[in-house]
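None of the figures in this text is laboratory data; all of them are computed from the coordinates on show. For clarity, every value in this text was computed on a predicted model and none was experimentally measured. Glycine also receives a Cβ, built like all others from the backbone with ideal geometry; neighbour counts cover every protein chain displayed.
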Amino acid sequence: MSSSSDMAVFRVENTNVNAPPVNKNDEITLYQIAVVQLAIHLENGQRVFFTNETAIDRAINPPKTTLTAFLNCVIVRMILVPLHEHYSIHTSTTLFHMDSNKNMDARKQGSPVAACLNLFKSNALGRLFTVNPRHTECFYLRLLLVNVTGPLSFQDIRKVNGQQYPTYKDACLALGLLEDDNQWECMLAEAALNCTAIQIRLLFAIVLTTCFPARAQILWENHKDSMTDDILHQHRIRCHDLTITFSDEMYNEALIAIEDLCIVIANLPLSNFGMNSPNRTASDLMNTEMNRELQYSTVEMAAIVARNVPLMNEEQRTIYDRIMLAVSAGQGGFFFGCTGWNWQNIRYFANSC
């Protein structure tokens, strides 16, 4: 027997040569097993069909699903709690059946369960629908449902050793159901030795969209310098200043480039992978002039002013004093006719203050 997340396959050799051929991959035909499809959805995330007349009623009383019936059924709570070490939602179908109104009840026939009086067990097969890993929280909820025994609510599913976790992914991490990110750490560290920042950003975007690392934000924090190196280099060249260092604006620009790649690959933003979203409006502020204005030493500026102000002629000094008086008083104003030499000294003086 081999099994996957949504299929059970049984192989049986047919020794009767006169018997009609059977589908060896169809466990229902071979064993007449009752297969129960188990819904999987987030809290209050079940599919609802409604009309204009039924919209309010549907909103107040959403339809039951096999998942909500399992979590809310009083009989399940009374019987499964003593047996919670042995049964999870997909195995509970052997003990309970669902009627047409999505109400769960204990089976009345089958093999007796020794641990509980008047409880019977059948060979019903429970199947949870598959979930695409891109639907992150729903995917992690499914992973918990097949591993956590005896959950009594959506909140209870996220509880591990008495601690309540905010997300299903965090609960999976606490239970050790997810692999760590050591392989991605090593990969990005190695890529930093011989790859450009553009290549590393593309590699990181591919990992995010196809490999779903457990802690993507930590991966970014550990390797953001190598992914932003080209942006730093560009600003150093434009500003003619090799002392410029990494800044939050540069990291934001790199995150925007990574998010653009993720949207192209999977049509998903960074927030879908557990990362902080970049500030798109802040990228407009990353221009050469602003970066140049922010990179200066007040001591050097004061020395330049001390050297150049005494060299001004009478007209230059008059204009200089008038403008600097407006700057010092915080009044502002419009001034015309100054030479580039004058403007440069005015800027040096303002920066040195």
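Miscellaneous remarks
- Of LYS64/LYS108; LYS64/LYS169; LYS108/LYS159, those spanning more than 27 Å from alpha-carbon to alpha-carbon: LYS108/LYS159
- Compared with the alpha-carbon gap, the fully stretched path from ARG317 to CYS195 is longer by 38.6 nm at 0.36 nm per residue.
- In plain terms, the chain from GLN331 to LYS121 could stretch by 67.0 nm, reckoned as 0.36 nm per residue minus the Cα-Cα distance.
- The modelled label-to-label distance for the pair THR130/THR51, using points 7 Å beyond Cα in the direction of Cβ, is 3.6 nm.
- Computed E for LYS159/ARG307 - FRET, C-beta separation, R0 51 angstrom, nearest 0.05: 0.15
- Selection of chymotrypsin sites (Phe, Trp or Tyr not before Pro), segment 217-274, meeting DSSP coil and at most 14 other Cβ within 10 Å: none
- Euclidean distance between Cα centres, segment 256-273 to segment 208-224, Å: 12 Å
- Across all directions, the average flat footprint of the convex hull enclosing the Cα atoms of segment 153-275 is 9.1 nm².
- Cα→Cβ-extended label distance, 7 Å offset, between ARG236 and ASN101, nm: 7.4 nm
- Averaged over residues, the count of other Cβ atoms within 10 Å places the peptides 198-205, 237-244 in the sequence 198-205, 237-244, highest first.
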